Protein chains: 2
Amino acid sequence: MQGTMMHYSLTLSHSLERAGKFFPNAEIVSRRPDHTLHRYSYADLYRRARALAEALQGAGLKRGDRVATLMWNHHAHLEAYFGIPIAGGVLHTLNLRLAPSEIAYIANHAQDRFLIVDDVLLPLYARIKDLVHFERVIVVGWSGRTTASGLEDYEEFLNTASGSFRYPDLDENEAACMCYTSGTTGVPKGVVYTHRSVMLHSFLLTTVDNFGICNADTVLPIVSMFHVNGWGLSYAATLVGSKQVLPGPHLKAESLLDLCEKETVTVAAGVPTVWHSILECLDQNPGSWNLPPMRVLVGGAAPSLALVQRLRRHGWSLEQGWGLTESSPQATTSQIKAHMKNWTEEEKCEIKAQAGIPVPFVERRVMNADGEVPWDGETMGEVQLRGPWVAASYYNLPAENDKWTPDGWFRTSDVGTINDEGYLRIVDRTKDLIKSGGEWISSVDLENALLAHPKIREAAVIAVAHPKWQERPVAVIVANEGARLSAQALRDFLSPKFAKWQLPDAFVFVEELPHTSTGKLLKAELRRRFQDWKWEG
Amino acid sequence: MQGTMMHYSLTLSHSLERAGKFFPNAEIVSRRPDHTLHRYSYADLYRRARALAEALQGAGLKRGDRVATLMWNHHAHLEAYFGIPIAGGVLHTLNLRLAPSEIAYIANHAQDRFLIVDDVLLPLYARIKDLVHFERVIVVGWSGRTTASGLEDYEEFLNTASGSFRYPDLDENEAACMCYTSGTTGVPKGVVYTHRSVMLHSFLLTTVDNFGICNADTVLPIVSMFHVNGWGLSYAATLVGSKQVLPGPHLKAESLLDLCEKETVTVAAGVPTVWHSILECLDQNPGSWNLPPMRVLVGGAAPSLALVQRLRRHGWSLEQGWGLTESSPQATTSQIKAHMKNWTEEEKCEIKAQAGIPVPFVERRVMNADGEVPWDGETMGEVQLRGPWVAASYYNLPAENDKWTPDGWFRTSDVGTINDEGYLRIVDRTKDLIKSGGEWISSVDLENALLAHPKIREAAVIAVAHPKWQERPVAVIVANEGARLSAQALRDFLSPKFAKWQLPDAFVFVEELPHTSTGKLLKAELRRRFQDWKWEG
């Protein structure tokens, strides 16, 4: 028996209509490349995103055509976030931190027809232009320079619209946007989000227990809008009409802290590395900013317990989300359960440092050779996901179908444990676990413990081949400026928390660690550097 | 182009699994008929709802079969809320306040196969049993009496399950539950909710700007679970694992206030009448309860400004939802927008007293003969709705299809205005508007103004036929106990707020007003009583 409810598609046009009509005066503030601020409102976004949609249709955009963006976080990118999907196109955010050849590969694989690009990124575009096949390239002019031949000006492009845009009748399962994973190994893999998945994920981020983005918020996505749709924050903020603050290309701690103070930011989201540098900047410049109370969203990599504790000491509440490009990304949240309300601050920080429990509508299981692992906080297995905003395949890449189990779960390649309350702790990436004498050692546990050391800025622990034990851990350390550290001191520091066989056999001090374009440790590169390591004795 | 996301149905089994696995110890407290409290946890609900599902399947329940409930708000009703739909059945909550003949009509129209009934409601069942055709009648035994012949005991029924229930593979558009409107006129009309509509509506109630039900909450639905699924509160609370407090048959203010205090309720929901009696009880017994800060959800009828102000004076925040059986019910919320934060308390109360702006995913328009009305706060029109949890038809009632416009909007029969901020104010039901000399007078406006009078307990304003003006307003007043009021005093009281022609021509003082089973004013009955009214002079 079917119900008598309307068949009403969940599409992005609904969000744009709602924001434009009910929150026309709520602000969207963008940091321009020249550091000045651009301010406008949802009424402007509403008008211009629809103009972009109409202009794209006028330029020949057909249902399902991909339109690429190569942009920082700002209002024009937000216009593309809505203007492309509501026209029936597919927003494809290119990751400007990748190598030019990789960007070109991704644009070609997705068969992007058009490109919208920041003028400040034209030097990057110049490096890919002979490798790609964009029919039209539209340039957002921040500096006001004349557009070179073969390029079009974004404002002139918008002016081709008459203001009479009409929404096509979209089905919620049609493609709205796509992202390629910034995977540390292998070929880039595309995930195509649907209108439905984007809208449900937006809805999720407006629930109390999962970031609770609301109309009263001022949201600062430090995470790039080309990284899993900026974790969906701009889409969620628009759904409820929150003020948005977009940092443009300026991701230095000082610039971000200025925005937090002057725009009274209530929610800011970024990877742990960003929060480390913000905290460092605050410590070095005490009293320089008068900051509002903020909810700090951390994702992209697990925050260490030390980071959680430092953020709490600054009076900020931390909310952690865990997920992947393939899960839109939010799959679990480290929410504190009602009965933990009176736990000690330390216990709560330990909960906050975990990946957490599955959000509504997402199913999670952790599997090893024996099936689902027990909830004992110790037994490791691969984390697998299912849900309405989890990918069922990659775009045009059947060779990767073994990333899904025969019964339809996505295999995340992350290894984790589940404790007796159901909280997931990510122990490692499958390939980053250290297999020592038949036992597994978690590189993430060692890294987090090292990060609690007051003189350590960053730490990576990797497996290095060993003649006797198969693999043994090596810790690669970046010390704080001017700090001095010894291997023995670090071994003593870790000893109380680990079994002796789990301790790194060597500590190597370096100036900096390699990162992916999204700020994650690039362990594959580190492992490569250490492939010829010679063990002493 | 389709996306690459999983086709993952939104079904109630997901909520039950989530609550059972991640919040097994969160409590569900029910007031028994004998006033004692029954306490158990989501782990129990999880086990017993699945047992009910298995037992129903064992009893021959087929996909789409309707199972009726005739129950108060308590844990067994909650088990039916989940156990019936997850088995593939359709939960049909019968409204126990209707006339027996009407209940029988509704059960027969829905073709209910089974009935689950409270033993304390068996006297009511006895009055319908010869009119209906339930194959099996299962009795929840609160008093422990032996079940009479032809009836089955609920606990024994659950015991027929072996504990090996497996979820059927349900599509999200299959029916999950149904309610009939308690309409004040016309034949009862059934609305069939889908798994999808229930889950999306549950999700809505967990968002910050729309009641924000969260894991830390303790939720007391005073609204009956047979009234539009108790406004969806129990479904939302289960999705996020909130503690639930269910008042059983005891809806007197004292009993409710005891629950609020002893169970530390954070959210309570009821019609304005309930809140009036709770406030009256508090005023008569100052200091008797040590109440926690609460969010008060008001629905079912518009709260007067006076009620909003009184609730605020008690330190409670009021959140109003407006909607209907046909909209699940939440369609609009009187949320305060970010830029109103610094408005005066009085201005905010005025916002809170409106029906509000549409919630995410619901579209609303107000139509008169000229099309959509302007947002001027004055022009009246019929409110029409569209959205994923809005009905597209009634169950088996094609004669009522004119309740939908040719372009697919549901016609609510409510008349409203929209102000320049987009807030809907319900002016009247279409049929309750008073047409006087070519102008419209809102009975609701007059009633709300009268309710601000300290000596008035309840007020209804109705249209009475008039030889000259077509219709003129008559106010029917219930005064507070012992209070004395005169028509002239009330006319003077209203004068500053209304044009002279809008004032009631007569004030009639009565002991009580007629209500529908869900506490709404039964104006049709009042109009009937006044149909032979003779105007003086």
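The values are calculated or read from the model by the stated rules, or taken from the named source; none is laboratory data. Since we're looking at a predicted model, the values are computed, not measured. Note: ideal-geometry Cβ built from the backbone for every residue, glycine included; neighbour counts use all protein chains shown. The area values use the complete protein model at the heavy-atom level, side chains included, leaving out ligands, DNA and RNA. Shrake-Rupley method; radii C 1.70, N 1.55, O 1.52, S 1.80 Å.
Just name the residue that is farthest from residue A:10 (Cα to Cα) out of those in region A:367-411 that are more than 14 Å from chain B (Cβ to nearest Cβ) and of a type in the set (S, T, N, Q).
A:379
So which of B:512, B:458, B:471 is open to solvent by 20 Å² or more (accessible area, probe 1.4 Å), part of a loop (DSSP other than H, G, I, E, B) and either of a type in the set (Asp, Glu) or touching a Phe, Trp or Tyr at 6+ places or on another chain (Cβ under 6 Å) (or both)? Spell out how you get there, then give the answer.
Numbers: B:458 fails: part of a loop (DSSP other than H, G, I, E, B); B:471 fails: part of a loop (DSSP other than H, G, I, E, B).
So the residue among B:512, B:458, B:471 that is open to solvent by 20 Å² or more (accessible area, probe 1.4 Å), part of a loop (DSSP other than H, G, I, E, B) and either of a type in the set (Asp, Glu) or touching a Phe, Trp or Tyr at 6+ places or on another chain (Cβ under 6 Å) (or both) is B:512.
Pull out all pairs, ordered by first then second residue, where Cβ-Cβ is under 7 Å, the residues are six or more apart or on different chains, the first lies in region A:53-67 and is part of a helix (DSSP H, G or I) and modelled with pLDDT of 95 or more, and the second is among the β-branched types (Val, Ile, Thr) and surrounded by fewer than 22 Cβ atoms within 10 Å (Cβ to Cβ).
Taking only residues 6 or more apart or on different chains, the pairs are A:55/A:160; A:58/A:160.
So which of A:19, A:76 is open to solvent by less than 20 Å² (accessible area, probe 1.4 Å), within 14 Å of another protein chain (Cβ to nearest Cβ) and in a helix (DSSP H, G or I)?
Values: A:76 fails: within 14 Å of another protein chain (Cβ to nearest Cβ).
Every option except A:19 fails the conditions.
Quick check on my filter: what residues within region B:97-117 are within 15 Å of residue B:179 (Cβ to Cβ) and either in contact (Cβ under 8 Å) with a residue 40 or more places away in the chain or of a type outside the set (A, V, I, L, M, F, W, C) (or both)? Write out each step before concluding.
At the first step, the residues of region B:97-117 found to be within 15 Å of residue B:179 (Cβ to Cβ) are B:97-98, B:102-103, B:105-107, B:109-110, B:112.
The answer is B:97, B:98, B:102, B:105, B:106, B:109, B:110, B:112.
Against the condition among the polar types (S, T, N, Q), crowded, with 24+ Cβ neighbours inside 10 Å, modelled with pLDDT of 95 or more and touching a helix residue (DSSP H, G or I) at 6+ places or on another chain (Cβ under 6 Å), how does residue B:194 come out, does it pass? Before you say what the answer is, go through the steps one by one.
On the way: among the polar types (S, T, N, Q): yes; crowded, with 24+ Cβ neighbours inside 10 Å: yes; modelled with pLDDT of 95 or more: yes; touching a helix residue (DSSP H, G or I) at 6+ places or on another chain (Cβ under 6 Å): no.
No, not satisfied.
Residue A:26 - would you say it is under 22 Å from residue B:364 (Cα atoms) and in contact with a Lys or Arg (Cβ under 7 Å, 6 or more places away or on another chain)?
Values: under 22 Å from residue B:364 (Cα atoms): yes; in contact with a Lys or Arg (Cβ under 7 Å, 6 or more places away or on another chain): yes.
The answer is yes for residue A:26.
Can you name every one of the strands (runs of 3 or more DSSP E) wholly within region B:304-370 that holds 1 or more residues which are open to solvent by 40 Å² or more (accessible area, probe 1.4 Å)?
Output list reads B:317-323, B:363-368.
(1) open to solvent by 50 Å² or more (accessible area, probe 1.4 Å); (2) in contact with a Lys or Arg (Cβ under 6 Å, 6 or more places away or on another chain): which one isn't true of residue A:279, the others all being true?
(1)
Within region A:1-16, restricting attention to residues that are assigned to a helix (DSSP H, G or I) and either out of contact with any Pro (no Cβ under 6 Å at 6 or more places or on another chain) or open to solvent by 20 Å² or more (accessible area, probe 1.4 Å) (or both), which residue is farthest from the other protein chains (Cβ to nearest Cβ)? Please lay out each step first, then the result.
Just the residues of region A:1-16 that are assigned to a helix (DSSP H, G or I), to begin with: A:12-16.
Now narrow it down to the ones that are either out of contact with any Pro (no Cβ under 6 Å at 6 or more places or on another chain) or open to solvent by 20 Å² or more (accessible area, probe 1.4 Å) (or both): A:13-16.
Values: A:13: 11, A:14: 6, A:15: 8, A:16: 12 Å.
Ranking the candidates gives A:16 first.
For region A:495-508, indicate whether the set of residues that are closer than 26 Å to residue A:188 by Cβ and either open to solvent by 20 Å² or more (accessible area, probe 1.4 Å) or at pLDDT below 85 (or both) is non-empty.
no
Please go through region A:440-455 and give me each residue that is among the charged types (D, E, K, R) and either surrounded by fewer than 19 Cβ atoms within 10 Å (Cβ to Cβ) or more than 17 Å from residue A:476 (Cβ to Cβ) (or both), ordered by number.
Of the residues in region A:440-455, the ones among the charged types (D, E, K, R) are A:445, A:447, A:455.
Across region A:440-455, the qualifying residues are A:445, A:455.
Among the residues of region A:29-46 satisfying the criterion of being in contact (Cβ under 8 Å) with a residue 40 or more places away in the chain and touching a helix residue (DSSP H, G or I) at 6+ places or on another chain (Cβ under 9 Å), which is most open to solvent (accessible area, probe 1.4 Å)? If you could, list the steps in order and put the result at the bottom.
Just the residues of region A:29-46 that are in contact (Cβ under 8 Å) with a residue 40 or more places away in the chain, to begin with: A:29-35, A:42, A:45.
After this cut, where a residue has to be touching a helix residue (DSSP H, G or I) at 6+ places or on another chain (Cβ under 9 Å) as well, the list is A:29-31, A:33, A:35, A:42, A:45.
On the way: A:29: 1, A:30: 0, A:31: 27, A:33: 37, A:35: 101, A:42: 2, A:45: 1 Å².
This residue is A:35.
Given A:524, A:479, which one is within 31 Å of the chain's Cα centre (by Cα), under 29 Å from residue A:299 (Cα atoms) and at pLDDT 90 or above?
Working: A:524 fails: at pLDDT 90 or above.
It is A:479.
Out of region B:410-439, which residues are open to solvent by 20 Å² or more (accessible area, probe 1.4 Å) and either in a loop (DSSP other than H, G, I, E, B) or touching a strand residue (DSSP E or B) at 6+ places or on another chain (Cβ under 7 Å) (or both)?
First, pick out the residues of region B:410-439 that are open to solvent by 20 Å² or more (accessible area, probe 1.4 Å): B:411, B:413, B:419-421, B:425-426, B:429-431, B:435, B:437-439.
Selection gives B:411, B:413, B:419, B:420, B:421, B:425, B:426, B:429, B:430, B:435, B:437, B:438.
Can you report the number of residues in region A:371-404 which are among the hydrophobic types (A, V, I, L, M, F, W, C), in contact with an Asp or Glu (Cβ under 9 Å, 6 or more places away or on another chain) and open to solvent by less than 30 Å² (accessible area, probe 1.4 Å)?
Final tally of qualifying residues: 4.
Can you tell me which residues in region A:283-303 are open to solvent by less than 30 Å² (accessible area, probe 1.4 Å) and over 23 Å from residue A:217 (Cα atoms)? I'd like the intermediate steps shown before the answer.
Let us first name the residues in region A:283-303 that are open to solvent by less than 30 Å² (accessible area, probe 1.4 Å), namely A:292, A:294, A:296-299, A:303.
Of everything in region A:283-303, just one residue is open to solvent by less than 30 Å² (accessible area, probe 1.4 Å) and over 23 Å from residue A:217 (Cα atoms), namely A:303.
When only residues in region A:197-235 that are facing another protein chain (nearest Cβ under 7 Å) and assigned to a helix (DSSP H, G or I) count, which is surrounded by the fewest Cβ atoms within 10 Å (Cβ to Cβ)? Give the steps one after another, and end with the answer.
Of the residues in region A:197-235, the ones facing another protein chain (nearest Cβ under 7 Å) are A:197, A:203, A:206-209, A:212, A:214-216.
Checking which are assigned to a helix (DSSP H, G or I) leaves us with A:197, A:203.
Working: A:197: 30, A:203: 25.
Per the criteria, the residue is A:203.
Go through region A:357-413 and give me each residue that's under 20 Å from the mean Cα position of the chain (by Cα) and over 30 Å from residue B:196 (Cβ atoms).
Correct list: A:413 only.
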